[in-house]
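Only one structure is covered here, and it is reproduced in the block below.
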C-alpha cells in the first residue's frame, strides 16, 4: 500500500491516471498532455505500474497503458476524483479531444 500512496503523492502521476481513466493510451499520447520529456513520462508510468495502478499491453509496435482492473487503490482514487478540480478539467478536456489515430494493432 506504501507504493500506492507514494505513486498518488505526485501531481503529474495523478493527472496521468485521470487521462488514462478515459481509456488506454500510449506513452506519446499521455506525454502530449504534459510539458516534460518522454523518458520522464515513462518513469512516471513505471512508478504507477509498480504500484499496481496501471497495466501495460503490447499492441503491435505500441504499448498501451490503462488503469489496472480490480485494484483497491483505483476504487479509492475513483471515489476521490470527482472532488479534484484538476480531474474535472481533464474529464472536460477528454470529452472535447479528438480520438487518437494509431496504426493497426
Requested in this report: Could I have the simple spin-label model distance between residue 1 and residue 40, label points 7 Å from Cα toward Cβ, reported in nm to one decimal?
Outcome: 3.2
Requested in this report: Compute the distance in nm between two label points, each set 7 Å from the Cα along the Cα-to-Cβ direction, one at residue 32 and one at residue 10.
Outcome: 2.2
Report summary line: Ordered by fewest other Cβ atoms within 10 Å, a rough proxy for footprinting exposure, 64, 48, 17 read 64, 17, 48
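Values quoted throughout were computed directly from the atomic coordinates according to the rules given, and no laboratory measurement underlies them. Remember, it's a predicted structure, so these values are computed and weren't measured experimentally. Virtual Cβ from ideal backbone geometry, glycine too; neighbours counted across all protein chains shown.
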